[in-house]
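Input: a single structure, listed below in structure tokens.
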Amino acid sequence: MNPISFNSKTIKKKMKNPFVLFIVLFIVLWLLIPAFTIRPIPNGQDSFMDEWLADIDAVSLSHLLTIDQPIMDGIVSADEQLSLSSVLLPMVTSLPYQDIRLLFGHELPNFSINNSTIAIRGSGTNHFTTSIESAPPDELFEDDEIVEDSKPDQTYTGESVFIYTSHNRESFLPELSEGRVPDEAFHQTDNVMKLSKKMSEHLKSQQIESFVDETDIWNELKKEGMVYHQSYDYSRRVVKQAQADNEDLSFMIDIHRDSQPREITTTEINGQPAAKIMFVIGGEHENYEKNLAFAADLHERIEEKYPTLSRGVEVKSGSGVNGVYNQDLAEHSIALEVGGYENTFEELYLTIKYFSEIFADYYFSKTTEEV
């Protein structure tokens, strides 16, 4: 066998090739990366183990324990089962990669991050399926003429339930012309206001008087030079005026539609597709616990009679969200996400029917308690 020999001239010639030089530099850098990234092992095995375990959250540690001790299987719920990669990555990098929102939350539009706490987990709900609020493109209604006298005449006759829509033009793609994308699921007339009116009809059939506010808040914002994220500021005026005109108002329901896709916002009840609902509570005011208790009671009643219809209750606070949603104005105030942009009015109306039935049960049970 001939001994291996190196020709220095040949090597120098090869190294002048840019592609070969790039490959060599890449391999050298790749080999050097561990020297700068691997954390040194501290003195003492105990301290090393303490640091190692501190990087693992409780769910991951529980998962590891079940691998060694099968008898402990089941202490982690099905929703929290982890893959091996979701356990190893945090240990190696010291970053909680199992919550991908912390990596991309600031980069991806409409990707919720650290502003929603799941108070009660309902059907299909986790940190990736909480409600999403999205604004319409600026150009969507730019050709609309401002209606100067758009406020409806509102006469109260002792109603106890006030139904309004802060984002009144939120709509649903199946009910709009073809070719629209999710961000364009908004409409002047075919929108969530129809759900408000349908809810009022069902409540009336249950002997509960309600008032539906028909203010075109989009038009009012445009008329006053306000922007979309100020919708709650304007609807606050509407709610306060309603309270001033009718002191009997006790319940405030702000109806919205979610920006989550159909697979998250749809279920089947009694063999028919129905839009799911999500209760949203603002956590940035002193008495939010009372609104939370109100939403929790409604959710539990829904779960008992119509399982999977409710996605649960979430509390929103922090940057990027309103955090109050006018709920500081009444002890029984909620924002109700009904369906998403891919639901149909047929599915939405069915859900409104079920919700109204449950609300009536709650309403009369509380009335009886007060008497």
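The values are calculated or read from the model by the stated rules, or taken from the named source; none is laboratory data. Since this is a predicted model, take the numbers as computed values, not measurements. Cβ placement follows ideal geometry from the backbone for every residue including glycine, while neighbour counts extend to all protein chains displayed.
Values for this structure:
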| item | result |
| --- | --- |
| Glu247 vs. criteria at pLDDT 95 or above and farther than 22 Å from Ser134 by Cβ | no |
| Any chance Lys240 is surrounded by fewer than 17 Cβ atoms within 10 Å (Cβ to Cβ) and touching a helix residue (DSSP H, G or I) at 6+ places or on another chain (Cβ under 7 Å) | yes |
| Positions within the stretch 244-278 being more than 21 Å from Ala296 (Cα to Cα) and either in a loop (DSSP other than H, G, I, E, B) or over 22 Å from the mean Cα position of the chain (by Cα) (or both), in sequence order | Ala244, Asp245, Asn246, Glu247, Asp248, Ser259, Gln260, Pro261, Asn270, Gly271, Gln272 |
| Matching residues, the stretch 299-317, being surrounded by 22 or more Cβ atoms within 10 Å (Cβ to Cβ) and outside any strand (DSSP E or B) | His299, Ile302, Leu309 |
| Condition broken by Ser235, with the remaining ones in (1) among the polar types (S, T, N, Q); (2) surrounded by fewer than 22 Cβ atoms within 10 Å (Cβ to Cβ); (3) more than 15 Å from the chain's Cα centre (by Cα) satisfied | (2) |
| Complete set of residues in the stretch 330-361 that are in a strand (DSSP E or B) and touching a helix residue (DSSP H, G or I) at 6+ places or on another chain (Cβ under 6 Å) | His332, Ser333, Ile334, Val338, Gly339, Gly340 |
